[in-house]
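Bear in mind these aren't lab numbers, they're just calculated from the coordinates by the rules spelled out. None of the values given here were measured: they were computed from a predicted structure. FYI the Cβ positions are ideal-geometry reconstructions off the backbone, even for glycines, and counts take in every protein chain you see.
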Amino acid sequence: MITETLPFTVDGAKSTGKFAGAPGTGRAALRVSGDLTKFSSGKCDERQSGAPFIPRTAVGTFTATIKLTVRK
């Protein structure tokens, strides 16, 4: 499984509707898992440079936590 977590900033000037002008910050996490390709020896290809997952076995989950300041 590969997990990447990144902080981000919400640009309130680009928000619309109820969230127009609402600035904020948060963290987003992406988790991806799946079966790795294998070498002819049968061992999994675990290169740190991004070994490819076998198509149709990869599953990704995206979650985010955001704190917004909504103005009335």
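Couple of notes before you dig in:
- Per-residue extension of 0.36 nm, minus the Cα-Cα distance of Lys72 and Thr3, leaves a gain of 21.2 nm for this segment.
- Cα→Cβ-extended label distance, 7 Å offset, between Asp11 and Val32, nm: 2.5 nm
- Shape of the stretch 1-54, Cα gyration tensor, a/c cut at 1.5: prolate
- Lysine pairs in the chain with Cα atoms under 17 Å, if 8 or more residues apart or on separate chains: 4
- Positive-end residue of Ser40, Thr5, Thr63, charge dipole of the chain with Cβ unit charges: Thr63
- Rounded to 0.05, the FRET efficiency of the Ala58 and Ala20 pair, given R0 = 35 Å and the Cβ-Cβ distance, is 0.45.
- For the chain, chymotrypsin sites (Phe, Trp or Tyr not before Pro) are listed when DSSP marks them as loop and at most 16 other Cβ atoms sit within 10 Å of their Cβ; the list is Phe39.
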